[in-house]
1. Is the range 67-74 home to any residue that is of a type in the set (Val, Ile, Thr) and outside any helix (DSSP H, G or I)?
2. Condition (residue is closer than 23 Å to residue 83 by Cα, in contact with a helix residue (DSSP H, G or I) (Cβ under 6 Å, 6 or more places away or on another chain) and either of a type in the set (A, V, I, L, M) or in a helix (DSSP H, G or I) (or both)) applied to the range 137-145: is it met by at least one residue?
3. Within the range 107-126, restricting attention to residues that are closer than 12 Å to residue 191 by Cβ and open to solvent by 80 Å² or more (accessible area, probe 1.4 Å), which residue is nearest to the chain's Cα centre (by Cα)?
4. Counting only residues that are open to solvent by less than 20 Å² (accessible area, probe 1.4 Å) and aliphatic (A, V, I, L, M), which one in the range 76-91 is nearest to residue 149 (Cα to Cα)?
5. Quick check on my filter: what residues within the range 15-54 are open to solvent by less than 30 Å² (accessible area, probe 1.4 Å), free of Cβ contacts under 8 Å to residues at least 40 places away in the same chain and in a helix (DSSP H, G or I)?
6. Please go through (1) modelled with pLDDT of 95 or more; (2) more than 23 Å from residue 217 (Cβ to Cβ); (3) over 21 Å from the mean Cα position of the chain (by Cα) for residue 137 and return the number of the only condition it doesn't satisfy.
7. Please work out which one of (1) part of a helix (DSSP H, G or I); (2) farther than 15 Å from residue 195 by Cα; (3) open to solvent by 80 Å² or more (accessible area, probe 1.4 Å) is the condition residue 104 fails and give its number.
8. Only one residue in 140, 129 is over 27 Å from residue 214 (Cβ atoms), open to solvent by 50 Å² or more (accessible area, probe 1.4 Å) and without any contact (Cβ under 8 Å) to a residue 40 or more places away in the chain. Which one?
Amino acid sequence: MKNRRMFWQIVEKIEALIDSGKYPPGSRLPPERELAETFNVSRPTIREAIIALEVRERVDVKTSSGVYVLENPQKAEPEVKVSAFELTQARALVEGEAAALAAASITEQELTDLEATLVAMEKGIQPEKADRQFHLIISKATRNNAVSLAVEKFWQLRDSEPEIVNVYKNVCNRSDSDRLEEHRKIFAALKNRDSAEARQAMHYHFNRLINTLFEISEAKALEEVRKQSTQTRDLYSLNHLVD
């Protein structure tokens, strides 16, 4: 029993080193002898620990080559692509209800902070940062950590996915004044503690975003058609025969 406890302790220690980045995925663990010296245990104990790690899919034992670290199966999640349309629809659903909740629980300090973001947007002082802060303040004012976490995740997607970043940049560049006015209406509803109006104002905001996304998408599609048509016309043109 003592030996069993010992090798599991070694398993946990090696896993901790792997998770810390000391032994990243793809790297090779030190030789058995070195590991035994490092952890001050016998080589059979190390061998049992390696077997356990292999069963847990943390390492791959290659004969005559060594023990290689694998990607943590618990962390390896399939990549899911989210479009700007999907993100905006999800934000509308969640943030509409967030605004309704916040209207009933928002504090005076949070209203003051919200108003400061409106001033920043109006003056063009880091408007994108102010926009983000505006929505995050509302999410926190719901007093619901799950809602707040969801909104924060939406913003992480908005700021990290290149395609979404590019699309949203085009939307914001075309409608700064609309965005500011929509935020003001949301703020007014929250200040009046009107949940229904806050929800409606937030939905109106995202509805305009969705429509602008469609306009940009359609314009891009038309541009691609024109480009393809021009290339085809140049390819088959007989102008050089009749000029």
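1. Looking through the range 67-74, at least one residue is of a type in the set (Val, Ile, Thr) and outside any helix (DSSP H, G or I).
2. yes
3. The qualifying residue nearest to the chain's Cα centre (by Cα) is 115.
4. Among residues in the range 76-91 that are open to solvent by less than 20 Å² (accessible area, probe 1.4 Å) and aliphatic (A, V, I, L, M), the one nearest to residue 149 (Cα to Cα) is 87.
5. Matches in the range 15-54: 35, 36, 46, 50.
6. Every listed condition holds for residue 137 apart from (3).
7. (2)
8. Being over 27 Å from residue 214 (Cβ atoms), open to solvent by 50 Å² or more (accessible area, probe 1.4 Å) and without any contact (Cβ under 8 Å) to a residue 40 or more places away in the chain holds for just one of 140, 129, which is 140.
The values are calculated or read from the model by the stated rules, or taken from the named source; none is laboratory data. Quick caveat, the model's predicted, so the values are computed rather than measured. Note that we place each Cβ from the backbone using ideal geometry, even for glycine, and neighbour counts take in every protein chain shown. Protein only, heavy atoms only, side chains kept; ligands, DNA and RNA dropped before computing areas. Shrake-Rupley method; radii C 1.70, N 1.55, O 1.52, S 1.80 Å.
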